[in-house]
Structure formats: structure tokens, C-alpha cells
1. Mind counting the residues in segment 252-282 that are in a helix (DSSP H, G or I), charged (D, E, K, R) and closer than 19 Å to HIS113 by Cα?
2. Going by the structure shown, is LYS304 in contact with a Phe, Trp or Tyr (Cβ under 9 Å, 6 or more places away or on another chain) and in contact (Cβ under 8 Å) with a residue 12 or more places away in the chain?
3. Considering segment 307-328 alone, what residues qualify as being in contact (Cβ under 8 Å) with a residue 40 or more places away in the chain and more than 28 Å from LEU107 (Cβ to Cβ)?
4. Quick check on segment 3-18. Is at least one of its residues of a type in the set (Gly, Ala, Ser), under 20 Å from GLY105 (Cα atoms) and touching a residue at least 24 places away in the same chain (Cβ under 8 Å)?
5. For residues that are part of a strand (DSSP E or B) and either in contact (Cβ under 8 Å) with a residue 40 or more places away in the chain or within 14 Å of VAL111 (Cα to Cα) (or both), tally how many sit in segment 283-298.
Amino acid sequence: MIINLYPIIQPLISSYHQLYLSGLGTFSEKYIPAKEDSINGKYLPPDTIIVFEPGGNGDSTLFHDEVKRRFSVNDAMASEAIRLFSKNIHDALDLHNSVELPNLGRLFYNVEHKIAFVPRLKVFDNDSFGLPEVPFVKVSPPDTQLPANSDAVMMPPVPPSKPPMLKFILLSILFVSLAAGIYFMVTSPYIENKLVKVKEMFEAWNDNANEEKKNIDPVIDIVDTSAQGIDFPEKEEGVDPVIKSEPVKTESAEKTSYVKIAVGVFGNPDNAARVVAKIEKAGFIAFSEKVGSLTKVGVKQEYKSVAEKLEILDKVRSEIEKTAVIIN
């Protein structure tokens, strides 16, 4: 006799706020109070979601008794139905790396090969009372005005005082400016005197160098060569010199990069091989790495920009595994 236990899980959690499933772990409610979403400019209403803690040794009496009452079976049949329910979930996780729980969310293996849970929908709406997300705008305080018939004397507004840090920065800038001005006033005559001496030294050195050159250079007699005839070969008609130009070799500066996207970690090598085949069938380059006794499987793909890298991740999530993550 096959008993479908999925429909009774959500009502039990809603009624008792916590439910332990033997062989899996504990599902419980988590209350989220209303809060301000400053990024999107909204007030988010209160909410209640389901969270999951894998493993543990909880009290399975509540689930066991509800199975007996709902399906009118004895203790042995209820225990066997719960055992088969947990076994089917583990088998589905080993085969597909994830399993969907109707009206709750999805169980999956994370990169550490531990069971994790993602809630799919807002299951409980009682706390929010059906309130939507409310946009908000910042409102400046209105100007304080006295009534026309008031006898009170209106005081002028007090200007806000400058922050201490701003005062410190202004004083520091003023002090440094004064110190620099005093330094240049004191050192300018000294520097000017040094520059004059250096200029005189270079001028004296140039005069000495010119004088030595006059004494060393020999007198060269100029010979008239206009009477000597020198025959140059005539240019051949119709023949132009050929100038060969070699192409400039340019090297590509582009650097190839690869993105690695983890799809899952498997304890069974056959399951890892099936996922590798699925990745290659989708047109991606698959990789598998041994991590102890486990096998990490994922996609290794070439990309040239950050946008292309994110596009590859979205495609892997839509075609292979929704929980795929970038690991490099």
C-alpha cells in the first residue's frame, strides 16, 4: 500500500509550528517582522517562512500519529509508510540532486553534499493580513509657523553649527598654508642667491670650453674641386626602385578566461557520470573533480566579459541545475 504523505506536512507545520520527519530533519516556522527596504524604497509587511534543519533526533510521534489518524492504519503500517517516504526522498536526491516538496519548497544537496532547503512560496499569510509592500518617501518637516493672532515673538532660526571634524580640517589647511608661506618668505633670498651663483658657474665653464676649442681645432685648407669632373651613372629610363615593405606583426592582447560553475557533489560515481553526460548534451564543457570520497561536477566554459560570464551562469541554471554557483 503506497501512502502519499506530502499533503499532511504543510498543515501540521501550520498547526504546531514545527515537525520532525524521521530520516530527514526538522521543518519549522520562522517569523520575519516588518522592515524597511531602503534600496527599493518600500516597507515590507511581516511574513512567516519555513526553514529546515537536517538530521537530528527529534520526536516523530506527531507525524506518526497523524499518519495513523488520516489514513486509518496501524502503528506498523504508519512506521513503514514514513520509512518509505524518507527513502524515496533520499533516492530522488541521489538521482536528481534535488526534490520538490509540494506547497513547501525544494530539498537539494549543497556543495558540501549536505541536505539544504529553499522555500518556494509564502506559505503562511496570516501574519501579514494580506498587506502589500508599501512604497515610502522621505518627508521633510514642515516650516514652523505661528498663528496670525498669536502674541508670541518668533525667534530667528539658529544656524546649524559646523561639525567638529570640519572645523579641524579647515584649521589644519589654514595652518599648513601659513607654514608654507613663512617658509618660502624666509628661504626665497637664499635660494635666489644660490641660483645666481650656479648661473655664473655655468657661464664661466662655457667661456673656458670655447677658448679651449679655438686652441685645439686645426686650420683646414679649402680645396677647389669644381674643375674635377665626376661622372655619375645615368638613371635608366622606365626603371623605378622597388621598395619592399614588410607587414607589421601584431600580437593579440586578448587573454582567454574560463569560468567554473559547480552543479553538484555526488557520493555515487554513476550519478556524477549521468550529470556529466547531461552537461555535455546541453552543449557545455563538463569537468569532474575528486573531493575526498565525493565527486564534484560542473561546467568549465570560456568567456570574454563579465556579462558573458553571468549569461553562462543563467543558461546553466535554466538548462541543467537551478542551484548552480560560480566557484572561481
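The values are calculated or read from the model by the stated rules, or taken from the named source; none is laboratory data. What you are looking at is a predicted structure, and each value in this text was computed from that prediction instead of being measured. Note that we place each Cβ from the backbone using ideal geometry, even for glycine, and neighbour counts take in every protein chain shown.
1. Narrowing segment 252-282 to residues in a helix (DSSP H, G or I): 269-281.
Within this subset, residues satisfying the condition of being charged (D, E, K, R) are 270, 274, 278, 280-281.
If we keep only those that are closer than 19 Å to HIS113 by Cα too, we end up with 270, 274.
Residues flagged as in a helix (DSSP H, G or I), charged (D, E, K, R) and closer than 19 Å to HIS113 by Cα within segment 252-282 amount to 2.
2. Details: in contact with a Phe, Trp or Tyr (Cβ under 9 Å, 6 or more places away or on another chain): no; in contact (Cβ under 8 Å) with a residue 12 or more places away in the chain: yes.
Spelling it out, it is not the case that LYS304 is in contact with a Phe, Trp or Tyr (Cβ under 9 Å, 6 or more places away or on another chain) and in contact (Cβ under 8 Å) with a residue 12 or more places away in the chain.
3. Residues of segment 307-328 that are in contact (Cβ under 8 Å) with a residue 40 or more places away in the chain, as a first pass: 309, 312-313, 316, 320-328.
Residue satisfying the conditions is LYS309 alone.
4. Within segment 3-18, the first condition is being of a type in the set (Gly, Ala, Ser), and the residues that meet it are 14-15.
Now restrict to residues that are under 20 Å from GLY105 (Cα atoms): 14-15.
Next, from what is left, pick out any that are touching a residue at least 24 places away in the same chain (Cβ under 8 Å): 14.
Checked against the condition, which is being of a type in the set (Gly, Ala, Ser), under 20 Å from GLY105 (Cα atoms) and touching a residue at least 24 places away in the same chain (Cβ under 8 Å), segment 3-18 yields at least one hit.
5. Step one: list which residues in segment 283-298 are part of a strand (DSSP E or B), which gives 286-291, 294-298.
If we keep only those that are either in contact (Cβ under 8 Å) with a residue 40 or more places away in the chain or within 14 Å of VAL111 (Cα to Cα) (or both) too, we end up with 288-291, 294-298.
The qualifying residues number 9.
For (1) at pLDDT below 85; (2) over 23 Å from the mean Cα position of the chain (by Cα), each residue gets a yes or a no:
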{"site": "GLY238", "(1), (2)": "yes, yes"}
{"site": "LYS260", "(1), (2)": "no, no"}
{"site": "GLY267", "(1), (2)": "no, yes"}
{"site": "ARG274", "(1), (2)": "no, yes"}
{"site": "VAL306", "(1), (2)": "no, no"}
